[in-house]
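A quick write-up on the structure given underneath.
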Amino acid sequence: MEEASKRALVIGGGIAGIQASLDLADMGIHVDLIEKKPCIGGKMAQLDKTFPTNDCSICILAPKLSECYRNLNITLYSYSEVQKVEGIVGNFSVEILKHARYVKEDLCINCGLCVEKCPMRVEDEFDRQLRKRRAIYMYYLQGVPAIMTIDKKNCLWFTKEACRICEKNCEKEAIDFNQKDELIKINNIGSIIVATGYNLIEDIDNDILKNYGYQKYRNVVTALEFERMLSASGPQEGHIKRISDGEEPKKIAYLQCIGSRTDRGAKYCSSICCMYTTKEAMIAHEHDNELESYIFYIDMRAGGKGFQSFLRRGEAEYDIKYIKSKIAEISIDKNESPIIVYEDLDTSEIKKLKVDIVVLATCIIPPEGIVKLAEVIGFELDDYNFIKTPPFSPVKTSRDGIFTCGCVHEPMDIPRSVAEGSSAAARAAEIIRGG
Amino acid sequence: MSYDIFLGCVIPARLPFLEASGRKVFEKLGIKLNDIEGFSCCPDPTGIEQIDHKTWLTMGARNLSLSKRGNGSIISFCSGCVETLKGVNYFMNKDNKVKDEINKILKKIGKNYDGKTNVKHFAEVLYENLNKVKENIVKPLEGFKVAIHYGCHYLRPSEIINWDDPFDPITIDEIIKTLGAESIDYDLKMECCGNPVEKSDMDLSLLMIDNKFKSIQQSGANCVALVCPACFQQFDFKQRELNKKNNSNYKIPIFYLSELVALAFGYKPEELGLKFHRVQPKTLLESLQFSAKI
Amino acid sequence: MSVINFKLRNQVIKHNASLSYCYQCSTCSGGCPVALLTQGKYNPRKIIEMAILGLQNKLIKEPNSSIWLCSTCQKCVELCPQKVELTEIFTLLKNKIFEDGKVPEAFLLQGQAILDSGIAIPYSKAIISRREKLGLPEIKTAPIKEIKLLLKETNFENKILKGSK
């Protein structure tokens with residue numbers, strides 16, 4: 001290999017990391033794309049639609065996913081994590097831990113026979129625990145790579161040395177219980193892009209959500225859960241139903257700033273919720289045009305292109321009622337319908353509203369493992385544990401040759417994540433090409 | 001183990017039977033309560049503090065300075081006293097200027113307070129000694145379906161009280177379950193009883209407690225347990241008033257937590273002065289095979 | 001007419017800086033049991049708003065201020081996303097009203113009892129005999145001289161006198 005042909009490493013296969021990888025690949029630079037989950041796609045793959053155009057999320061994402069898989073300039077390491085980074089800008093060496101899937105990647109054709117027979121039922125992470133999956137599973141329907149994975153924690157062979165029924169049913173003989181985790185070393189890396197995305201406040205701390213009855217009242221769900229409920233490939237196959245009784249909701253309330261902009265949780269604005277609650281209310285309205293939607297907000301933050309008119313459309317065409325009021329707590333009635341008491345700040349009246357479902361717009365938080373990754377790679381984090389960047393070089397981290405894009409940098413929407421992905425790719429290429 | 005007992009005003013001067021059960025329970029547990037001479041009103045956090053914070057701090061600090069500081073410092077049977085005494089500690093330790101200002105006043109009577117008297121609610125001490133409580137139970141409270149009323153000042157402000165969860169508490173539930181009784185959940189469990197607002201709006205105060213009673217009746221509970229004398233008066237005294245006013249028919253027996261513990265420890269209702277309750281618990285106690293001679 | 005009085009606002013902020021953190025989100029008023037039952041006649045958010053603006057006439061001078069309807073349940077304090085110490089701020093405002101001599105009578109009665117005896121509820125003969133029957137010890141409360149001295153120092157005595165007029 002020529003000295004000049006340095007590679008780029010992208011950590012995180014969500015929309016930001018995918019965009020960065022594709023841009024670099026198009027420039028003729030070889031990319032190693034590392035994804036912790038069994039498939040790339042990230043949070044965008046879990047969404048039903050995207051604002052402000054209300055395009056189908058997976059329809060936009062899927063071609064990019066397969067392009068990442070097909071492109072000869074991209075080597076995809078799914079189910080893998082970065083362990084060690086050595087070297088300096090222009091010449092890093094990276095050690096990657098590739099977790100065993102116990103499925104041979106070159107043989108599995110994603111036919112699903114193994115899944116049908118697997119006796120285990122475990123909570124599906126992708127569907128935010130709203131559905132059960134099996135111990136051998138496809139991370140999600142359109143996932144890339146389209147290869148099964150055995151979840152070691154729940155597989156009967158690994159927990160009780162029993163079963164192995166998937167092995168017996170696989171016509172391709174793709175199951176391999178002897179597979180081991182692999183340590184892979186990649187040398188000759190010119191620059192690295194960190195795009196490990198985000199978590200949500202419900203992933204770590206339910207104390208903040210306690211007053212809203214989350215996980216106590218079944219008809220109180222988070223926005224990402226609701227996104228799965230809206231999705232045609234989700235647990236309710238695109239029919240919005242109350243979790244308590246399967247009834248179709250007639251009134252849905254969306255509560256903003258849950259865990260964000262508060263001294264009791266995240267002190268920053270989660271940035272995307274003002275828009276996505278409107279989007280979710282619009283889509284829900286398209287499912288049932290008699291549905292009443294209420295969005296409770298502190299301040300409406302519609303700073304993006306087309307955002308203000310998006311809100312106006314929500315009000316005019318989708319009958320969304322925007323109510324300026326922060327909700328303190330939720331109770332329920334005998335039918336488990338959430339009851340909200342609030343002060344309508346337009347009139348100062350104290351009102352009561354009974355709805356069928358409450359959707360909590362929970363706050364974006366830095367991704368799990370970011371502190372460790374920052375140590376491994378050696379870049380600084382800001383006060384909230386997002387990646388620190390200088391104001392006039394917004395994708396550059398504190399370490400030379402390391403760039404960032406997407407929500408690991410700070411909460412942002414998809415268009416900006418894509419823009420940052422391209423931006424980080426350009427900066428990474430500068431180092432590799434600029435020599 | 002020993003504590004200096006801070007009785008306050010409402011319990012010893014209006015509801016002494018609550019004091020009787022409290023003293024008996026701690027005697028049985030082997031926890032000594034020392035009577036100290038010279039305590040004044042704590043003073044009332046819903047009264048004096050509201051009109052004169054400085055007076056409240058001064059009198060509170062004077063009381064705290066009187067503790068002989070046995071191994072547990074001060075214990076109180078009253079949530080209001082506990083809030084005041086913990087609150088005075090909080091404000092004096094938060095700001096040295098406040099401490100100096102108050103001590104300057106205390107100096108006039110030859111006293112000084114360093115901010116270091118530890119204060120505990122009696123339910124706090126019971127919870128910490130739950131095993132001992134368990135060992136002393138001779139008559140488990142089977143059949144008691146208890147609607148627990150924690151009361152605001154037992155929990156909040158959490159920064160001052162520093163005990164149990166301000167909205168989702170467990171301590172009294174655990175004690176009630178340990179006694180063999182059942183804790184019944186009800187919708188308005190965490191709502192205020194309304195006692196403090198009677199000073200400014202009696203109708204509002206009555207409305208607040210009326211809502212609580214409605215919620216308790218719906219829950220299927222057969223009695224109430226609580227840990228604050230202001231709440232006790234609100235719950236025990238206001239039933240008759242409401243019945244007169246609204247034609248309702250409340251007869252919900254109200255127990256102080258110490259009374260329930262004492263009953264489980266085998267004390268007879270007549271030893272505890274249960275006859276002094278306005279809503280007589282006699283029928284309930286009879287139906288649950290507790291001596292009815294009250 | 002409402003007159004904005006920054007002096008009052010600054011006094012409150014000096015005493016409790018958390019007032020300036022309020023962003024008027026209405027978590028307090030939405031969670032307040034009294035606001036619900038009084039249909040917003042008592043509204044903690046509005047009181048904080050008036051304090052921020054320094055509306056002295058409305059807060060201090062107006063008789064029967066709604067501020068006395070606060071049940072001090074401290075729910076708002078626990079819920080406030082900005083950790084504004086509402087009850088402490090209300091206490092300061094009520095203290096100012098007291099200085100001005102306009103408090104509900106029940107507070108004055110309690111204050112008077114403290115002035116007279118050092119305790120809020122004096123021991124009646126009936127109670128003393130009931131205590132004996134229950135086997136309870138005699139209570140020796142604070143020497144009233146000491147308490148009187150302290151209450152003179154804090155100017156409590158004068159304020160009670162002013163309020164009682």
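The values are calculated or read from the model by the stated rules, or taken from the named source; none is laboratory data. Quantities reported herein were computed from a predicted structural model and do not represent experimental measurements. No Cβ is skipped: glycine too gets one built from the backbone with ideal geometry, and neighbour counts run over all protein chains shown. Note: areas computed on protein heavy atoms with side chains; ligands, DNA, RNA excluded. Shrake-Rupley method; radii C 1.70, N 1.55, O 1.52, S 1.80 Å.
How many residues does the range A:363-387 hold that are surrounded by 16 or more Cβ atoms within 10 Å (Cβ to Cβ) and part of a loop (DSSP other than H, G, I, E, B)?
Number satisfying all stated conditions: 5.
Mind listing just one residue for me: the one in the range B:127-170 that is assigned by TED's automatic domain parsing to the domain that holds residue B:257 and among the hydroxyl-bearing types (Ser, Thr, Tyr) and, of those, farthest from residue B:61 (Cα to Cα)?
Here the residue is B:150.
Looking at (1) buried (at least 18 other Cβ atoms within 10 Å of the Cβ); (2) within 25 Å of residue B:261 (Cα to Cα); (3) of a type outside the set (Lys, Arg), which is the only condition residue B:160 fails?
(2)
Is it the case, given these coordinates, that residue A:334 is part of a loop (DSSP other than H, G, I, E, B) and closer than 17 Å to residue A:273 by Cβ?
On the way: part of a loop (DSSP other than H, G, I, E, B): yes; closer than 17 Å to residue A:273 by Cβ: no.
So residue A:334 does not fit the description; no.
Consider residue A:413 carefully, then state whether it is out of contact with any Asp or Glu (no Cβ under 8 Å at 6 or more places or on another chain), surrounded by fewer than 21 Cβ atoms within 10 Å (Cβ to Cβ) and farther than 24 Å from residue A:50 by Cα. Spell out how you get there, then give the answer.
Details: out of contact with any Asp or Glu (no Cβ under 8 Å at 6 or more places or on another chain): yes; surrounded by fewer than 21 Cβ atoms within 10 Å (Cβ to Cβ): yes; farther than 24 Å from residue A:50 by Cα: no.
The answer is no for residue A:413.
Starting from the range A:366-386, take each residue that is among the β-branched types (Val, Ile, Thr) and list its partners that are part of a loop (DSSP other than H, G, I, E, B) and open to solvent by 40 Å² or more (accessible area, probe 1.4 Å), counting only C-beta distances under 9 angstrom and pairs at least six apart or across chains.
Filtered contacts from the range A:366-386: A:370/A:196; A:370/A:385; A:371/A:385; A:377/A:399.
Within the set of pairs 6 or more residues apart or between chains, which connect a residue that is under 20 Å from residue A:168 (Cβ atoms) inside the range A:106-131 to a residue that is of a type outside the set (Val, Ile, Thr) and outside any loop (DSSP other than H, G, I, E, B) with Cβ atoms less than 6 Å apart?
That search, which allows pairs on different chains as well, returns A:113/A:169; A:114/A:166; A:114/A:169; A:117/A:169; A:118/A:166; A:121/A:132.
State whether the residues of the range C:64-78 include one that is over 26 Å from residue B:7 (Cβ atoms), in contact with a His (Cβ under 7 Å, 6 or more places away or on another chain), of a type in the set (A, V, I, L, M) and at pLDDT 95 or above. Even if it seems obvious, please write down each step before you answer.
To start, the set of residues in the range C:64-78 that are over 26 Å from residue B:7 (Cβ atoms) comprises C:64-70, C:75-78.
Checking the rest, the ones that are also in contact with a His (Cβ under 7 Å, 6 or more places away or on another chain) come to none.
No: the range C:64-78 contains no residue that is over 26 Å from residue B:7 (Cβ atoms), in contact with a His (Cβ under 7 Å, 6 or more places away or on another chain), of a type in the set (A, V, I, L, M) and at pLDDT 95 or above.
Just the residues that are of a type in the set (Lys, Arg) and either over 30 Å from residue B:19 (Cα atoms) or touching a strand residue (DSSP E or B) at 6+ places or on another chain (Cβ under 8 Å) (or both), please, taken from the range B:101-132. Before you say what the answer is, go through the steps one by one.
Within the range B:101-132, the first condition is being of a type in the set (Lys, Arg), and the residues that meet it are B:104, B:107-108, B:111, B:116, B:120, B:132.
Residues satisfying the conditions are B:104, B:107, B:108, B:120.
Filtering the range A:208-251 down to residues that are open to solvent by 50 Å² or more (accessible area, probe 1.4 Å) and over 19 Å from residue A:338 (Cα atoms), which residue is nearest to the chain's Cα centre (by Cα)? Don't jump to the end; show me each part of the working.
Keep residues of the range A:208-251 that are open to solvent by 50 Å² or more (accessible area, probe 1.4 Å), which gives A:210, A:215-216, A:218, A:232, A:237, A:239, A:241, A:243, A:245, A:247-248, A:250-251.
Next, from what is left, pick out any that are over 19 Å from residue A:338 (Cα atoms): A:232, A:237, A:239.
Values: A:232: 17, A:237: 19, A:239: 22 Å.
Taking the candidates together, the pick is A:232.
I'd like the residue in the range A:252-273 that is more than 14 Å from every other protein chain (Cβ to nearest Cβ) and surrounded by 21 or more Cβ atoms within 10 Å (Cβ to Cβ) and, out of all such residues, is farthest from the chain's Cα centre (by Cα). Let's see the steps before the verdict.
Of the residues in the range A:252-273, the ones more than 14 Å from every other protein chain (Cβ to nearest Cβ) are A:252, A:254, A:271-273.
Now drop any that are not surrounded by 21 or more Cβ atoms within 10 Å (Cβ to Cβ), which leaves A:252, A:254, A:272-273.
Values: A:252: 23, A:254: 20, A:272: 13, A:273: 14 Å.
Among residues in the range A:252-273 that are more than 14 Å from every other protein chain (Cβ to nearest Cβ) and surrounded by 21 or more Cβ atoms within 10 Å (Cβ to Cβ), the one farthest from the chain's Cα centre (by Cα) is A:252.
Please go through (1) in a helix (DSSP H, G or I); (2) open to solvent by 20 Å² or more (accessible area, probe 1.4 Å) for residue C:102 and return the number of the only condition it doesn't satisfy.
Residue C:102 satisfies all of (1) in a helix (DSSP H, G or I); (2) open to solvent by 20 Å² or more (accessible area, probe 1.4 Å) except (1).
Out of the residues in the range B:33-65 that are more than 8 Å from chain C (Cβ to nearest Cβ), over 19 Å from the mean Cα position of the chain (by Cα) and free of Cβ contacts under 8 Å to residues at least 40 places away in the same chain, state the one that is nearest to residue C:139 (Cα to Cα).
Among those residues, the one meeting the criterion is B:36.
I need a count of the residues in the range B:102-126 that are closer than 16 Å to residue B:60 by Cβ, assigned to a helix (DSSP H, G or I) and touching a residue at least 24 places away in the same chain (Cβ under 8 Å).
Of the residues in the range B:102-126, 4 are closer than 16 Å to residue B:60 by Cβ, assigned to a helix (DSSP H, G or I) and touching a residue at least 24 places away in the same chain (Cβ under 8 Å).
With the condition being over 22 Å from residue B:194 (Cα atoms) and in contact with a Cys (Cβ under 9 Å, 6 or more places away or on another chain), I'd like the helices (runs of 4 or more DSSP H) fully within the range B:7-88 carrying at least 3 qualifying residues. Give the steps one after another, and end with the answer.
Numbers: elements: B:10-14, B:16-29, B:48-51, B:53-65.
The helices (runs of 4 or more DSSP H) meeting that bar are B:53-65.
Considering only residues that are within 7 Å of another protein chain (Cβ to nearest Cβ) and assigned to a loop (DSSP other than H, G, I, E, B), look in the range C:24-51 and name the one that is surrounded by the fewest Cβ atoms within 10 Å (Cβ to Cβ).
Selected residue: C:39.
Please find, among C:14, C:83, the residue that is charged (D, E, K, R), more than 17 Å from residue A:341 (Cα to Cα), touching a residue at least 40 places away in the same chain (Cβ under 8 Å) and open to solvent by 50 Å² or more (accessible area, probe 1.4 Å).
Working: C:14 fails: touching a residue at least 40 places away in the same chain (Cβ under 8 Å).
After applying the criteria, what remains is C:83.
Within the range A:200-208, is even one residue part of a helix (DSSP H, G or I) and within 14 Å of chain C (Cβ to nearest Cβ)? Outline the logic, then answer.
Narrowing the range A:200-208 to residues part of a helix (DSSP H, G or I): A:201-204.
Filter once more, keeping what is within 14 Å of chain C (Cβ to nearest Cβ): A:201.
Yes.
In contact with a helix residue (DSSP H, G or I) (Cβ under 9 Å, 6 or more places away or on another chain), closer than 30 Å to residue A:292 by Cα and of a type in the set (D, E, K, R), is that true of residue A:413?
On the way: in contact with a helix residue (DSSP H, G or I) (Cβ under 9 Å, 6 or more places away or on another chain): yes; closer than 30 Å to residue A:292 by Cα: yes; of a type in the set (D, E, K, R): yes.
Yes: the conditions hold for residue A:413.
Under the condition of being surrounded by 16 or more Cβ atoms within 10 Å (Cβ to Cβ) and acidic (Asp, Glu), which residue from the range A:316-338 is farthest from the other protein chains (Cβ to nearest Cβ)?
Residues of the range A:316-338 that are surrounded by 16 or more Cβ atoms within 10 Å (Cβ to Cβ), as a first pass: A:318, A:320, A:322-330, A:332, A:336-338.
With acidic (Asp, Glu) added as a condition, the list becomes A:329, A:336.
Values: A:329: 6, A:336: 13 Å.
My answer is A:336.
So how many residues does the range B:182-203 have that are in contact with a Leu (Cβ under 9 Å, 6 or more places away or on another chain), buried (at least 18 other Cβ atoms within 10 Å of the Cβ) and either more than 7 Å from chain C (Cβ to nearest Cβ) or of a type outside the set (D, E, K, R) (or both)?
Here the count works out to 6.
Regarding residue C:94, is this residue open to solvent by 20 Å² or more (accessible area, probe 1.4 Å) and not small (Gly, Ala, Ser)? Reasoning before the result, please.
Details: open to solvent by 20 Å² or more (accessible area, probe 1.4 Å): no; not small (Gly, Ala, Ser): yes.
Spelling it out, it is not the case that residue C:94 is open to solvent by 20 Å² or more (accessible area, probe 1.4 Å) and not small (Gly, Ala, Ser).
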